[in-house]
Amino acid sequence: MGLTNFPNGLSAFGAPVLPYTTGNVFFVNTAALGGSDGNDGKSPARAFATLDYAIGRVTANNGDVIVMLPAVHSYTASVALDVAGVTITGLAGNVNRQRTSITTTATADQIINVTAADCEIANLTFIPITAAAAIDISAAGVRAFIHD
């Protein structure tokens with residue numbers, strides 16, 4: 001018997017609820033809600049402020065997970081997902097069906113550029129500034145489950 005009754009994780013409507021992992025789990029929240037890149041990111045109360053900073057803390061192919069807390073995360077530049085085997089997932093809030101949303105004020109066409117293989121992006125709502133895709137995937141084995 002494994003370490004959990006759910007060795008493949010839990011999902012709702014195809015999106016992972018919180019993936020079971022033997023890797024590290026890091027949390028991201030907006031600065032307005034207490035996120036800071038000076039935190040260790042290991043709990044919602046000590047969340048990082050930016051997705052890019054969290055990506056810089058994960059280990060390739062370690063099963064690491066980045067959990068984005070419910071809020072509108074706004075970035076001034078595209079975010080590069082350049083570490084292989086990482087999962088980024090958003091959590092839904094319990095107030096007014098609040099979702100984790102990502103937007104950018106950059107002139108770039110994509111919000112997230114995935115250049116590393118075997119990554120997963122799930123349970124996020126993207127608010128693109130242009131008509132181009134919110135995610136640019138140029139790597140193999142990438143899965144994305146997003147909200148419109």
(request) Please check which bits of region 43-81 a label hung off THR22 would reach, taking the label as a point 7 Å along Cα-to-C-beta and the cut-off as backbone N under 20 Å. (result) 58-66
(request) Compute, for TYR75, the solvent-accessible surface of its heavy atoms (probe 1.4 Å) with the complete set of protein chains present, and express it in square angstrom to the nearest 10. (result) 20
(request) Please calculate the 1.4 Å probe accessible area of SER138, with all protein chains present, and give it to the nearest 10 Å². (result) 80
(message) What does the extension gain come out to for LYS42 and THR103, with contour length at 0.36 nm per residue minus their alpha carbon separation?
(response) 19.6 nm
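The values are calculated or read from the model by the stated rules, or taken from the named source; none is laboratory data. The model shown is predicted, which means the values in this text are computed figures rather than measured ones. Note that we place each Cβ from the backbone using ideal geometry, even for glycine, and neighbour counts take in every protein chain shown. SASA here: full protein model, heavy atoms, side chains in, ligands and nucleic acids out. Shrake-Rupley method; radii C 1.70, N 1.55, O 1.52, S 1.80 Å.
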